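Heads up: the structure comes next, in structure tokens.
The values are calculated or read from the model by the stated rules, or taken from the named source; none is laboratory data. This is a predicted model, so every value here is computed, not measured. Quick reminder, even Gly has a Cβ in these numbers, built from the backbone with ideal geometry, and neighbours come from all protein chains shown. These accessible areas exclude ligands, DNA and RNA; they are computed on the full protein's heavy atoms, side chains included. Shrake-Rupley method; radii C 1.70, N 1.55, O 1.52, S 1.80 Å.
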Amino acid sequence: MIERMLSILLAIPIIFSVLAVCHGKDMASLPNIVILFADDVGYGDLEVYGHPTSSTPNLNRLAEGGLVFSQFYAGAPVCSPSRAALMTGRYPTRSGIYPGVLVPTSTGGLPHNETTIAEIVKTKGYSTSIIGKWHLGVGENGTYLPTNQGFDEYLGVPYSHDMCPCYNCFYPNDPCWNTCDSDYTYCPLFNNTEILEQPVNLTTLDATYVQRAKSVIQRNANAGTPFFLYYAFQHAHHPQFASKEFRNATARGTYGDSLAELDWCVGQVMEQLKMSGVLDNTLVLFTSDNGPSLRNENRGGNAGLLKCGKGTTYEGGQRVPAIAYWPELIAPGRTTALASNLDFLPTIANLVGADLPSVTLDGVDMAPILFEGKQGARDTFFYYFTEPNPKFGIYAVRYNQYKAHYYTQGQINSNEFNHDEDCRPSATRTLHDPPLLYDLDHDPSENYNLSSKEYGPILAKIQEIKTQFESTMVWGESQVQKPKSSAVEPCCKKDCIPFPDCCQCHQRSWSSLLKLSTYGNRDDGKFRWTLH
Ligand SMILES: *[C@@H]1O[C@H](CO)[C@@H](O)[C@H](O)[C@H]1NC(C)=O
Ligand SMILES: *[C@@H]1O[C@H](CO)[C@@H](O)[C@H](O)[C@H]1NC(C)=O
Ligand SMILES: *[C@@H]1O[C@H](CO)[C@@H](O)[C@H](O)[C@H]1NC(C)=O
Ligand SMILES: *[C@@H]1O[C@H](CO)[C@@H](O)[C@H](O)[C@H]1NC(C)=O
Ligand SMILES: *[C@@H]1O[C@H](CO)[C@@H](O)[C@H](O)[C@H]1NC(C)=O
């Protein structure tokens, strides 16, 4: 405790000096920003959040040296809208990333007039890179790809890797467990707006991503350029996959292997930050896009003590693991502060001294939580269902420790065979009047409804907050409902036939660039990047 207070006290002058420099002109001292964004990793999936058989030594290390959030929320219960929330600091109902998610034939995407974190830090001279799953659109001629949304460079599969035929998930050529969307063309691996590999080889994908992450860090550190690296894993979304090193690496089966590989990537990024001498000047944020996909049953993720999972507005759908790491500046420990991926944009903008976009923002600056050990400015969170609809609006509202459900609904990603029938898709939309009310500080599992006269004043207060918030909600035109067209599906060969089968390319030049030695030895609990 004393040690912790001391480190906070010691950190204060450093924060001021970093901030002073940030607001000044000394570009070289602007902090680097790394966001590590996991896919479908639930509240109960990491070792540090209690999973008994996951193997996440590098995330353990990050948690040990960083700030672990126990009440952190993804801005939406599924992929595309959650990513829109993170990138823009705005509920996806504003940007039009609803209902559900974008698919390879979607002609819509994140509107160009939305301001992304990448666009914000670019105004301060940052180099901006994205690796991995974008899932905010491809569109005609790749118009919605990240290189048109503020990123200097992109390497990745632009949507979920189950939105393509899937067959080889485990080294060397073992089949995937899940059935994928084989109506779409093969999964492309993009380098900026060009396709490098199609179908992407999942068993070498992480080596490729890690190699790019390392080169981004090293290159910018050498040049003294501040950088923003957004690394969005394909792991641990289904179908789970893993390279040779992680095949059968854990007691947790295919999900455990996928998560172990994700964890290895985290370690590689951290090690490179250290080797490049920029670890002390880098804010690292780790979180997940939504709760666990329970439809994969015992091969899926885990929401821990929370109710239901991905796709729902119960806690399991949106409360996710989150860790913030910055040696010296962020005191290691645990926080119960409310926070969300909606808060990344304002936090980063203020940190680098950039102007906030002049639009309605739903995020708040997390600086007091990160740097001062405070509870922060957020006291509310609004839950929109996977298929938001202006007719029904917000499904649930969190206000301090209380959560009121106006509507509840099960969802396919929480599985039709779930032991809890509220999670199943057969649990159709149900209006609650009065709303169901839970005290999440006492009852995080949402087991005991408090809705009664005694709580009338709290329900009235929540209703007031909800009405006020909904009066500010301007629903953007749905990008997901724009017409679908196979003409926009990424294909490495222009106008080839028979489409989409002909979309196959394997660039040897690229494969030879891939040093498989990148893997070296798996970090079996030993870390080269260490605390001070
Ligand atoms: C972007 O453009 C659309 C269409 O003109 C408009 O409705 C929306 O309000 C704009 N969004 C922002 C953030 O300016
Ligand atoms: C896409 O490219 C084609 C061919 O260059 C062009 O005719 C079309 O207008 C482009 N569409 C968009 C949305 O840029
Ligand atoms: C994927 O890469 C692995 C490792 O290099 C290789 O053994 C395997 O044959 C590749 N699979 C395909 C389908 O190209
Ligand atoms: C990726 O694209 C850039 C230019 O857009 C090019 O300079 C680079 O060599 C490409 N990388 C690979 C691995 O093809
Ligand atoms: C992994 O485990 C599966 C199931 O036990 C087994 O069939 C497979 O041969 C193992 N693969 C490797 C590479 O060890």
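Couple of notes before you dig in:
- Test set (1) β-branched (Val, Ile, Thr); (2) assigned to a helix (DSSP H, G or I); (3) open to solvent by less than 10 Å² (accessible area, probe 1.4 Å) - residue 284 fails condition number: (2)
- Each residue in the stretch 225-244 was checked for being touching a helix residue (DSSP H, G or I) at 6+ places or on another chain (Cβ under 6 Å) and polar (S, T, N, Q), and 2 of them qualify.
- Filter pass, residue 330 being modelled with pLDDT of 95 or more, buried (at least 22 other Cβ atoms within 10 Å of the Cβ) and assigned to a loop (DSSP other than H, G, I, E, B): yes
- The set of residues in the stretch 166-190 being under 17 Å from residue 504 (Cβ atoms) and touching a strand residue (DSSP E or B) at 6+ places or on another chain (Cβ under 9 Å) consists of 166, 167, 168, 185, 186, 187, 188, 189, 190.
- Against the test of being under 16 Å from residue 132 (Cβ atoms), open to solvent by less than 10 Å² (accessible area, probe 1.4 Å) and not acidic (Asp, Glu), the options 231, 255 yield a single qualifying residue, 231.
- Selection within the stretch 167-222: residues that are touching a helix residue (DSSP H, G or I) at 6+ places or on another chain (Cβ under 6 Å) and in a helix (DSSP H, G or I). The member of this set that is nearest to ligand 3 (Cβ to nearest atom) is 207.
- Residue 188 open to solvent by 10 Å² or more (accessible area, probe 1.4 Å) and either over 20 Å from the mean Cα position of the chain (by Cα) or not hydroxyl-bearing (Ser, Thr, Tyr) (or both): no
- Residue check, residue 312 of a type outside the set (A, V, I, L, M, F, W, C) and open to solvent by 10 Å² or more (accessible area, probe 1.4 Å): no
- In summary, strands (runs of 3 or more DSSP E) completely within the stretch 364-476 and bearing 3 or more residues that are at pLDDT 95 or above and closer than 30 Å to residue 117 by Cβ occur at 380-383, 396-399.
- Test result for residue 174, surrounded by fewer than 24 Cβ atoms within 10 Å (Cβ to Cβ), away from ligand 4 (no atom under 16 Å from the Cβ) and charged (D, E, K, R): yes
- Scanning the stretch 29-43 for any residue that is at pLDDT below 95 and either in contact with a helix residue (DSSP H, G or I) (Cβ under 9 Å, 6 or more places away or on another chain) or of a type in the set (Ser, Thr, Tyr) (or both) turns up at least one such residue.
- Criterion violated by residue 206 - all others in (1) touching a residue at least 12 places away in the same chain (Cβ under 8 Å); (2) charged (D, E, K, R); (3) open to solvent by 10 Å² or more (accessible area, probe 1.4 Å) satisfied: (3)
- For the stretch 192-207, taking the residues that are more than 23 Å from residue 38 (Cβ to Cβ) and of a type in the set (S, T, N, Q), the one that is nearest to ligand 4 (Cβ to nearest atom) is identified as 192.
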